[in-house]
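Scroll down for the structure; my scribbles are underneath it.
No value in this document is a laboratory result; all are computed from the given coordinates. Keep in mind that this is a model prediction, so the values were computed, not measured. When we count neighbours, we look across all protein chains shown, and the Cβ atoms used for this are built from the backbone with ideal geometry, even at glycine.
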Amino acid sequence: MDPHQERATEDPTNIDNNVSANPQGQRPGTPSGRYISRSEIQSEKSLAEFLVQMDDYAPIIPDSLTDYYLAQAGFECTDVRIKRLLALATQKFISDVATDAFQYNRIRQQASKEKKFYSKDRKTVLNMDDLSAALAEYGVNIRKPEYFS
């Protein structure tokens, strides 16, 4: 056996391994026997590094609150890093919605400024019109149903 082929079968993640080591172009040692590209290996390394960083990171949303809502949804996971990742995604979503609602508020205030005198001392207040417009961008409908008597 060629020494290059021997080395290729010993290390399934060897990127420099050529296809002649396996005539079907599959890599031994991978679950599906498929070829692993450099970008896939790099993304797996970066994902592993990110999950290690999640051990030290405490998101704004407390773990107990995340655990409660995950249990309500029927999600069972013992890995704290995954729960914190979901809390981080939730935090990002809430932040994006709040930023969009603020932009809708500013647009509405600019329109009202043109119509009448506007005081600069006013505080920005989140109202349902701005929030519902921001959430509509994400496919969430919070409008009240019409009342029928």
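Here the calculated FRET efficiency for E44 and E137, from their Cβ-Cβ distance with R0 = 41 Å, stands at 0.80, rounded to the nearest 0.05. Taking Cβ atoms as reference points and 13 Å as the exclusive limit, the residues near V97 contribute a net charge of -3, counting Lys and Arg as +1 and Asp and Glu as -1. Per-residue 3J(HN,Hα) values for region 47-52, derived from phi via the Karplus relation 6.51 cos²θ - 1.76 cosθ + 1.60 with θ = phi - 60°, read 5, 5, 5, 5, 5, 5 Hz in sequence order (x marks Gly and Pro).
With K and R counted +1 and D and E -1, the other residues having a Cβ less than 15 Å from that of D67 yield a net charge of 0. Remark: region 131-148, residue by residue, has Karplus-estimated 3J(HN,Hα) of 5, 5, 5, 5, 5, 4, 5, 9, x, 9, 9, 10, 6, 6, x, 5, 8, 10 Hz, where x stands for each Gly or Pro and the curve is 6.51 cos²θ - 1.76 cosθ + 1.60 at θ = phi - 60°.
Excluding same-chain residues fewer than 8 positions from K113, which lysines have a Cα within less than 26 Å of its Cα? Qualifying lysines at Cα under 26 Å: K123.
Counting only other residues whose beta carbon sits under 13 Å from that of R81, what net charge do I get with K and R as +1, D and E as -1? Before the final figure, lay out each step's value.
On the way: positive: K83, R84; negative: E49, D55, D56, D63, D79.
Here the charged neighbours net out to -3.
For region 62-75, backbone phi angles converted through the Karplus equation (6.51, -1.76, 1.60; θ = phi - 60°) give residue-by-residue couplings of x, 4, 5, 5, 4, 4, 4, 6, 5, 5, 4, 7, x, 8 Hz, Gly and Pro being listed as x.
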